[in-house]
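Q: Got a structure here, written out as structure tokens. Questions coming.
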Amino acid sequence: MMQIISNISSRKISPEQLFMLSVLLVNGGNYVYNLILGRLLGPEQFADAAVLITFLLVLSFVAMTFQLVTAKFSVLFEAHIFKNFVSKVYKNALAVGIFLGFLIILFSNQLQHIFNTSTASMFIIFGMGVPFYFLMSVNRGVFQGKKAFKLLSITYQGEMISRLIITLALIFILKIESSIIIAIGILISFIFGLFPFKTAHISLKKTTLDAENSKQIRNFFMLTAFYELTQIIINNSDILLVKHYFESYEAGLYASLALIGRIVYFIAWMFVMLLLPTVIQLKKEGKDTAPILFKYVGYIAAIALVIILVCAILPKLMIMILFGESYLTMAPLLWKYATATGMFAVSNIFAYYYLSLDKYVPVVISGVFGMLQMVLVIFFHKSLEQVVHMQIIAMILLLVIQILFFKFNSVKMRLTT
């Protein structure tokens, strides 16, 4: 036994492998969080919880713009330029976070009406936490760009573990609206996710960057912001539209379906986190970047295929284990939803690859098909099955176009060299 432990401890785990293990742990913890809420609250109350969780995902995509911009230029910039850049990003991120948080609080009553929630207070509490999330994202961007994966892992784990423990503890201690408790748990988890926080990167003095660097940052920021907007639309519009068009019971059922079907997307995210700094570094060194794309596309495609097959063969068993008997009516749709998210996850690797290379066409493509998905659901939502079918149509077209663009771009590159 001691020999086995010695052999394991003697093996060196790379920072990338450590981060991948951490992401799996964090995603697993977030799944446990959602699954426990689904079982404790039941479909109707879980529908309200799903709105907050969806708002959290939307917020993560908006803040991801700052994280990716910080990650990219943390690779490219050094010394005082890097310090000036990070300090400026922190200030801008905090300003945006305060503005968005204020808007959510201001329009909390309207949000309650649009999404048919039990209370507006959950949006007020959520809005209070938004500035913390933006600061947290810039902090993570520095760790990601510098490949400080151990520190990056700690921030994700701190956010996940604190949200899980605090939310579940408050549900059993406080006898108030579950949606308010969930909002409180999310708010507190943002504060935990800030640590470890590098205050050395922040300067209260006025920071400036030269015109060329400022233009480069601005162009990448706009490109990334647009792409993250498409991510918001594709990933979250279906849940919010279902909550708007359907009764709370059906919306809760759909939320459970979405949670299980998106397993492949959340697994794919860890590869995206590793892809961006690696591609930027290879480009900086003048090396070929295509092999790293093929590697990650292969990983995601294989994972997606396995998950789709499991969802097709054992849908009832999966739903019974994860959510319970109350959600069994969603079993026939499980593999279909997993197919849509699997295709999106693969096409997402292509888009982030080109985003790393400052090429905007795949980002525009994602935007077009994100809008198409939303429009299809708006016009065709007679049943939950029809909503899923609309997403499959949009994601098939998106993946095909992304692959065709890659082939066209590769041929063009060969002809010009």
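Q: Quickly run through region 32-90 and pick out the residues that are aromatic (Phe, Trp, Tyr) and either surrounded by fewer than 17 Cβ atoms within 10 Å (Cβ to Cβ) or not in a helix (DSSP H, G or I) (or both). Reasoning before the result, please.
A: From region 32-90, those aromatic (Phe, Trp, Tyr) are 33, 46, 55, 61, 66, 73, 77, 82, 85, 90; that's our starting set.
Correct list: Phe77 only.
Q: Here is a further query. Of Leu305, Leu282, Leu275, which residue is assigned to a helix (DSSP H, G or I) and either touching an Asp or Glu at 6+ places or on another chain (Cβ under 9 Å) or basic (Lys, Arg) (or both)?
A: Details: Leu305 fails: either touching an Asp or Glu at 6+ places or on another chain (Cβ under 9 Å) or basic (Lys, Arg) (or both); Leu275 fails: either touching an Asp or Glu at 6+ places or on another chain (Cβ under 9 Å) or basic (Lys, Arg) (or both).
After applying the criteria, what remains is Leu282.
Q: A follow-up question, please. Considering only region 131-148, I want to know if a residue exists there that is closer than 28 Å to Leu21 by Cα and surrounded by fewer than 18 Cβ atoms within 10 Å (Cβ to Cβ). Can you show your working first?
A: From region 131-148, those closer than 28 Å to Leu21 by Cα are 132-148; that's our starting set.
Okay, now just the ones that are also surrounded by fewer than 18 Cβ atoms within 10 Å (Cβ to Cβ), so 146.
Looking through region 131-148, at least one residue is closer than 28 Å to Leu21 by Cα and surrounded by fewer than 18 Cβ atoms within 10 Å (Cβ to Cβ).
Q: Could you please give the count of residues in region 202-260 that are at pLDDT 80 or above, under 21 Å from Asn34 (Cα atoms) and among the aliphatic types (A, V, I, L, M)?
A: Selection size over region 202-260: 9.
Q: Of everything in region 112-130 that's over 22 Å from the mean Cα position of the chain (by Cα) and assigned to a helix (DSSP H, G or I), which residue is surrounded by the fewest Cβ atoms within 10 Å (Cβ to Cβ)?
A: Kept after step one, since they are over 22 Å from the mean Cα position of the chain (by Cα), are these residues of region 112-130: 112-114, 116-121, 124.
Now narrow it down to the ones that are assigned to a helix (DSSP H, G or I): 112-114, 121, 124.
Details: Gln112: 19, His113: 11, Ile114: 13, Ser121: 17, Ile124: 18.
Here the residue is His113.
Q: Further question: Just to be sure I understand, how many residues within region 166-175 are buried (at least 16 other Cβ atoms within 10 Å of the Cβ) and more than 21 Å from the chain's Cα centre (by Cα)?
A: Taking region 166-175 as the starting set, the residues that turn out to be buried (at least 16 other Cβ atoms within 10 Å of the Cβ) are 166-168, 170-171.
Those still in the list that are more than 21 Å from the chain's Cα centre (by Cα) too: 166, 168, 170-171.
Summing the residues that are buried (at least 16 other Cβ atoms within 10 Å of the Cβ) and more than 21 Å from the chain's Cα centre (by Cα) in region 166-175 gives 4.
Q: If Leu397 satisfies every condition in (1) without any contact (Cβ under 8 Å) to a residue 40 or more places away in the chain; (2) farther than 30 Å from Ile280 by Cβ but one, which is the exception?
A: Among (1) without any contact (Cβ under 8 Å) to a residue 40 or more places away in the chain; (2) farther than 30 Å from Ile280 by Cβ, the lone unmet condition for Leu397 is (2).
The values are calculated or read from the model by the stated rules, or taken from the named source; none is laboratory data. As the structure is a prediction and not an experimental result, all values here were calculated from the model. All Cβ positions, glycine included, derive from the backbone under ideal geometry; neighbour counts span all protein chains shown.
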